[in-house]
Amino acid sequence: MPVSHANGQPRWRRRTPAAVLLAWLGWFAVVAVLAFSWQFISERTIWMFVTDAPSQGADLLARMLPPDWAYTGRLWKPLWDTLNIATLGTLLALVIATPLAFLAARNTTPALPGLRPLALLVIVASRSINSLIWALLLVMILGPGVLAGIIAIALRSIGFIGKLLYEAIEESDAKPVEAIVATGASPAQMRLYAIVPQIMPAFAGISVYRWDINIREATILGLVGAGGIGLELMASVNVLAWGRVSMIFLLILATVLASEWVSARVRAAVT
Amino acid sequence: MSLGLLRLEGLSKRYGKDAPALDDVSFSLDAGEVIALIGPSGAGKSTLIRCINRLVEPTAGRIWLGDTDLTSLDRRSLRQARRRIGMIFQEFALVERLSVMENLLSGRLGYVGFWRAALRRFPQADIERAFDLLEQVELGAMVDRRADALSGGQRQRVGIARALMQTPDLLLVDEPTASLDPRTSRQIMRLITRLCGERGLPAIINIHDVPLARRYCQRVIGLRAGRIVYDGPASALDDSVLTDIYGEEDWDNQETPAEGSEEDVAESEA
Amino acid sequence: MSARVWRRPPMIADPRLRWGLSLAVVVYLILAVGSLEVNWQRVAEGLERGAAFAAALFTPDFSSRGADILEGFLESLAMTFVSTTLGLLLAVPVAVGAARNLSPLPVYLICRGFIAISRSFQEIIIAILFVAMLGFGPLAGVATLAFASIGFIAKLLAEDIEAMDPKPLEAIRATGGSATQTLHWGVMPVVLPRLVGVSMYRLDINFRESAIIGIVGAGGIGATLNTAFDRYEYDTAAAILLLIIAIVLLSEYVSGFIRGKLR
Ligand SMILES: Nc1ncnc2c1ncn2[C@@H]1O[C@H](COP(=O)(O)OP(=O)(O)OP(=O)(O)O)[C@@H](O)[C@H]1O
Ligand SMILES: [Mg+2]
């Protein structure tokens, strides 16, 4: 505790004067950045529209209610596509991410130098880019459709699953590994008998968790043409059919809640 | 001097720049001989037996198993040599989420291919051997029980059976009883020495419990700071020898009370 | 002696359930893959484009649309800072409201409902609504990200508050402390350290999201990126993607560093 002596009286402060100064400078910097940011945004805003926002909002709400129930008939196929994008995308990601995780984990990566950094790089790149951006890219390359959506979901999920899985591998108990090695098992057999059983619960939990996230993400990929219910959403927004939009919202909400429930149940069961 | 089944010649191990954990250790082991390796904590007991199957790479010296020099083997031949060496661990080192049978079969991994192992399609002879061993360690009823649902004594018996699944020529045992209560410890030691005796299987047993060592092994090697300070019959292990090995201490060294009857291994598990 | 057989016991003991489930999975996969409509000719053409894009990753072009890129990133960063701060300030009262040990049932239900809605919808869907209300531009983006941040931060905070040891709270109440005093002396010390970590984390998410909500007109680098893809300007798109990755990595590093310091 910093105690200074002024007029012979010991005085206690929480921080040293230098630390106080630094803290003030920190706060000043934060406020300055915020002020500058706000200024920047404000310059690019047409405030006339904004003053109008409450009435716009009320208007929007009025148009959204009631939802266009009859429209659901046309939504089942896009919903089915959305489900497939999430599920097949997750499966594809699992197939790629699992070996990747074994390459990235310190205790299972092969002795080949450079392989582990490369695996980590793939994981990081995949994780930094949102699935919607992957979808933009893939729609450009493959053309619009569900396939682009599946691959976009997979590309984003590889990093997520790969990271959590390689952390689980690194945390696994080393004793059985040693015991299996001591029997004369090959490295591949060692991974199969000593590591795989240990990471099984983590594997199941991570897969289902990511599947749940992917359901959400798959609902919007259609905004850039990558299939699913987002396509209908974009179409309805473009023609200002707000009753349809609210119907789609309700469906998305129901799907997301259902998948969340499934995911929570499965994760509770495996751990 | 007979050429033993296992011969260590000038074995040394140094971790990094530390003082050597093993310093010029030589001895040989005859067929059917079960020796206890004793010594204070940090003396290098675990290091020694791990050097033999090269879980730890020795720094210098040679290890002969029959006429194979274990220290000079490449990866492939090392794997083949490891099949001949069974190992039993202090904390059992079972794969917790696999069943008892799968843990036993993992002892045969050196003999089967990847896919057979993955699909659990082991040769019938391996399955038969596993059932026989389960009988011998009194776990016949637990074939499909998961290893994490077993008691400590039961786990160690699975560990023993896994090592014997290899039909090894040599058994390495690292403190088999340190995680067990005194009674179970005796049962486990008795089981190990009995099974070794039946097979004429030589074994090196690391153990902290001197009375147990004296009781179940004919020969004792004492290790201190990486050097052998005693190598002789268990019966000659007196206070002065113990002081040599462990340092000055008041050895409360009465004869261990003889066991009343040869109790059966599994009685306490009933 | 007869041969003793051993098979690994199946994961699902009931054979009808086991076969039924396997069959269902197979049927689903067949239907799902069957319902893919893939234009293979288009895909084949696309591979060439894919290769061109991959090549562009090694020759990113930061300059020809330099002004747009700079503008886009500044906008993204400004949106990130403002929305995270706003979200943080508003999340605290919502979190208190959503903590069962502090709030009466009606308030609790309203706050929990708000959190559920804010978390169920993707940012970009919320952005569509805010763009409709506030017009195109970064303000809609700020509103979107702030809205999403409230739900995110409030949920984590509310869990912390609910997990709090009740004794200090009772002690403060017992000494006759008012509601605000309870919050200040009982709740804040628990929540504050956590708040920093959570908001660093959210800052990170908000930046990533700010890179995409531009697609529906809510400002940020997303619009620039979208245009680059539309015009097949691979080099520019590659430059933007690389910058996004770099900023995400940097912010992950910085927030990890700050959180490490605080621990
Ligand atoms: N992996 C390692 N890295 C560095 N030093 C080690 C390693 N393993 C063991 N040592 C050191 O080597 C020496 C011998 O250790 P070892 O484990 O062989 O002793 P031990 O006789 O088995 O002891 P204990 O009875 O406690 O099990 C000790 O000084 C120990 O610190
Ligand atoms: Mg040891």
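Tabulated results
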{"read-out": "Inter-label distance, nm, simple model (7 Å from Cα along the C-beta direction), C:E162/A:T16", "value": "4.4"}
{"read-out": "Highest average packing first - C:130-137, C:235-242, Cβ atoms within 10 Å", "value": "C:235-242, C:130-137"}
{"read-out": "Calculated from backbone phi, Karplus (6.51, -1.76, 1.60) coupling profile of region A:221-232 in Hz, x at Gly/Pro", "value": "4, x, 4, 10, x, 8, x, x, 5, x, 4, 4"}
{"read-out": "Accessible area of the protein assembly as shown belonging to carbon and sulfur atoms, whole % at 1.4 Å probe", "value": "63"}
{"read-out": "Loss of accessible area when B meets C, both sides summed, Å² nearest 100, probe 1.4 Å", "value": "1000"}
{"read-out": "Protein heavy-atom accessible area occluded, C/A pair - total, 1.4 Å probe, Å²", "value": "4800"}
{"read-out": "Exposure ranking of A:M200, A:M247 by accessible area [1.4 Å probe, largest first]", "value": "A:M200, A:M247"}
{"read-out": "For region C:125-130, Karplus couplings with θ = phi - 60° (6.51, -1.76, 1.60), whole Hz, Gly/Pro x", "value": "5, 5, 4, 4, 5, 5"}
{"read-out": "Label zone at B:D239, where the point sits 7 Å out along the Cα-to-Cβ direction: region B:200-223 residues whose backbone N lies under 18 Å", "value": "B:210-211"}
{"read-out": "Most fluctuating residue given options B:A203, B:A234, B:A125, as computed from a GNM of chain B linking Cα atoms under 10 Å", "value": "B:A125"}
{"read-out": "Antiparallel bridges, percent of DSSP beta bridges restricted to chain B (to nearest 5)", "value": "55"}
{"read-out": "In sequence order, calculated HN-Hα J values of region B:160-175 (Karplus, 6.51, -1.76, 1.60; Hz; x Gly/Pro)", "value": "5, 5, 4, 5, 6, 4, 6, 6, x, 8, 8, 10, 10, 10, 9, 6"}
{"read-out": "Relative contact order %, chain C, counting alpha carbon pairs below 8 Å whose residues are six or more apart", "value": "26"}
{"read-out": "Burial ranking of peptide ranges B:36-44, A:224-232, C:48-56, A:84-92 (average Cβ count within 10 Å, highest at the top)", "value": "A:224-232, A:84-92, B:36-44, C:48-56"}
{"read-out": "Most to least accessible of A:R63, C:R4, B:R146 (protein chains only, probe 1.4 Å)", "value": "A:R63, B:R146, C:R4"}
{"read-out": "Averaged over C:117-125, number of beta-carbon atoms from partner chains that fall within 10 Å", "value": "6"}
{"read-out": "For B:L223, distant residues with modelled amide H under 5 Å away", "value": "B:I38, B:G39, B:V229"}
{"read-out": "C:V92 - accessible surface, heavy atoms, 1.4 Å probe, Å² rounded to 10", "value": "30"}
{"read-out": "Filter on C:K155/C:K261; A:K163/B:K17; A:K175/B:K13; A:K163/C:K261; A:K163/B:K13; A:K175/C:K155 - keep pairs with C-alpha separation over 32 Å", "value": "A:K163/B:K17; A:K163/B:K13; A:K175/C:K155"}
{"read-out": "Percent of beta bridges antiparallel (DSSP, the protein assembly as shown, rounded to nearest 5)", "value": "60"}
{"read-out": "Between A and B, accessible area buried - total, square angstrom, nearest 100, 1.4 angstrom probe", "value": "2100"}
{"read-out": "R0 of 41 Å, Cβ-Cβ distance B:R76-C:L47: FRET efficiency to nearest 0.05", "value": "0.50"}
{"read-out": "Accessible solvent surface per residue of the protein assembly as shown, calculated while the other protein chains remain in place, 1.4 angstrom probe, Å²", "value": "47"}
{"read-out": "Interface residues, region A:19-43 - accessible area loss of 50 Å² or more versus chain alone, probe 1.4 Å", "value": "A:L34, A:F40, A:I41"}
{"read-out": "Among A:P176, A:P187, A:P17, residue whose mean-square fluctuation peaks in a GNM of chain A (springs only between Cα atoms under 10 Å)", "value": "A:P17"}
{"read-out": "Distance in nm between pseudo-label sites at C:D14 and C:T59 (7 Å out along the Cβ direction from Cα)", "value": "6.3"}
{"read-out": "Rough spin-label spacing in nm, given labels placed 7 Å along Cα→Cβ, for C:I245 and C:V33", "value": "3.1"}
{"read-out": "Cut-off under 5 Å, modelled amide H: who pairs with B:D23 long-range", "value": "B:K13, B:R227"}
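The values are calculated or read from the model by the stated rules, or taken from the named source; none is laboratory data. These numbers come from a predicted model, not from an experiment. All Cβ positions, even for glycine, are placed from backbone atoms using ideal geometry, and neighbour counts span all protein chains on display. Keep in mind that these areas ignore ligands, DNA and RNA; they rest on the heavy atoms of the full protein, side chains included. Shrake-Rupley method; radii C 1.70, N 1.55, O 1.52, S 1.80 Å.
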